[in-house]
Amino acid sequence: MRTGNVISLRDRLAFGPWSPPRLRPVLHLVGRMLLALSAAMLLPAVADLIVRNPDWRAFLLGSGLTFACGAGLTYLTRCRLTGGLSLRQAFVLTPLAWTAIALFGALPLYISDYAQLRDSFTNAFFESMSGLTTTGSTVIVGLDAAPPGILLWRALLQWLGGIGIVGVAIAILPALGVGGMQLFRTESSDRSEKVMPRVREIAMALGLVYLGLTVICGILYWLAGMTPFEALVHALTTLSTGGFSTSDSSMGKFGLAAQWIGTAFMLAGGIPFVLYVRLLRGERDSLRNSQAQAYLGFLLVMSVGLTIWLVLSGRYGLEEAARLAAFNVVSVVTTTGYATTDYSLWGNVAIGVFFGLTFIGGCTGSTAGGIKIFRFEVMFTVLRSYLRQLIYPKGVFRRMYAGRLLPEDVIVSVVVFFAFFFACYSAFTILLMALDLDFLTSASAAVTVLANVGPGLGPTIGPAGNFATVPDAAKWLLAFGMLLGRLELFTVLVLFLPQFWRG
């Protein structure tokens, strides 16, 4: 049933029986994406060839296999896409594309000569999914000695995943109405149930902004003392808020200037990219964006608060405390996952603070993961309204967001998202404990993959650790959690409903 511009989930899925012709455009687009992925694999092949590392063959072979599959799929499902995709097809495309790219992205890692990935497809797929979802969890020990091709490929996966999720968050998720995302539906998408035309409209502008900021970040890293290769890799993984590094010490290996630059560009990655486009068009009122203001204000308060605590506790002087606090708070909230030090050694207060920050996330329409700032804004608005209603039972209170009345379906979607996020978090924690991981490792691993942060807490997967010793079964579970969190839960889980396929 449709009322005004509000479309129920049942109506969104009720497009008639699901049939192979409806799947054809979805598979065709996946094929095109694989063709693009095969081209991207040539870059790490060149990087390995320059230093005469034999892994260039693995990337060349992986590129060939990916190209063959992508070309075959594109040819067999050739069709005209001028009409765009239906919302139902978009539900299928999004998780299918992410899974396919992660699987093929793991190929060169698995067939390489790098022992930690060659000996286990589980490790290769975990690393690939972690990169594509910009989670940043890793199974590699000894990054400083890793081949350049593998380091560059991990960074490229994160960079591609970053621009991919920006496009999905702006063009697809609002149309699907997942977790309150319909709040960001534009006027044009209100009038149409076709999502692909919007992707074409915004892709060029967003891509140019994303590429431009990446180039600026890389140049500044190089000027701050990184080698050209280190600057390239970290530029790709900073703006994408992915967090893969060229060193086991992460950003702790580099100087103060590089750390401040990293803080600034992680911060930039957590802001809605559409704001940059609007600012470049001269729309100065974009600076009054409610979500961006809340995001920046929250980061400022948390960074200042942690700085004061570190100084008063006698751990650091003011400059060092401010730098470490700002960098690591921004890294966790934006779900980048870089670290400059093992903050779990700062004591129980710091552990509690960073555990809580893991849930937050950046802004909608950014590369950051997490629950997202706007959902917390909506929840606090609803909570304030409810408390006022308790005090004044006969009062009528309007629930506003950014100067607009909050639609009831947005409120319901956000509340359901919160409930289901924590239900998934509890389930993942219990399942990981059943796989013989301790409570701290299980609880922090569950939230770090669902929020796409990267490092967890504790000696095993904390800022100074990695996921190498985690059981294989847990790695597959965590990889699924990364996909689930990156695509806002319901985009994946709706595919498991029999009603979705029956129509």
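The set of residues in the range 338-378 being on the phi > 0 side of the Ramachandran plot and at pLDDT 90 or above consists of 361, 370, 372. Kindly indicate whether residue 442 is within 23 Å of residue 243 (Cβ to Cβ) and part of a helix (DSSP H, G or I). So residue 442 fits the description; yes.
When you check residue 102 against the structure, is it aliphatic (A, V, I, L, M), without any contact (Cβ under 8 Å) to a residue 24 or more places away in the chain and not in a loop (DSSP other than H, G, I, E, B), yes or no? In short, no. Within the range 233-270, being of a type in the set (D, E, K, R) and not in a loop (DSSP other than H, G, I, E, B) holds for one residue alone: 253.
Note on the range 450-499: residues that are farther than 26 Å from residue 250 by Cα and touching a Lys or Arg at 6+ places or on another chain (Cβ under 8 Å) total 0.
Taking residues in the range 80-96 that are under 14 Å from residue 165 (Cα atoms) and among the hydroxyl-bearing types (Ser, Thr, Tyr), and partners anywhere that are at pLDDT 70 or above and part of a loop (DSSP other than H, G, I, E, B), the pairs with Cβ atoms closer than 7 Å and at least 6 places apart or on different chains are 94/487.
For the range 206-231, a residue qualifies if it is over 20 Å from the mean Cα position of the chain (by Cα), part of a helix (DSSP H, G or I) and either surrounded by 19 or more Cβ atoms within 10 Å (Cβ to Cβ) or among the small types (Gly, Ala, Ser) (or both), and the qualifying residues are 218, 220, 221, 230, 231. The residues of the range 448-473 that are in a helix (DSSP H, G or I), buried (at least 24 other Cβ atoms within 10 Å of the Cβ) and of a type in the set (A, V, I, L, M, F, W, C), listed by number, are 449, 450, 461. Considering each residue of the range 67-81 in turn, none proves to be among the β-branched types (Val, Ile, Thr) and under 24 Å from the mean Cα position of the chain (by Cα). Residues in the range 244-295 that are crowded, with 20+ Cβ neighbours inside 10 Å and aromatic (Phe, Trp, Tyr) were compared, and the one that is modelled with the lowest pLDDT is 273.
Beta carbons closer than 6 Å, at least 6 apart along the sequence or on distinct chains, never pair a first residue in the range 22-34 that is free of Cβ contacts under 8 Å to residues at least 24 places away in the same chain and β-branched (Val, Ile, Thr) with a second that is surrounded by 22 or more Cβ atoms within 10 Å (Cβ to Cβ) and not in a helix (DSSP H, G or I).
The values are calculated or read from the model by the stated rules, or taken from the named source; none is laboratory data. Note that the structure is a prediction, hence the values are computed from the model and not measured. Quick reminder, even Gly has a Cβ in these numbers, built from the backbone with ideal geometry, and neighbours come from all protein chains shown.
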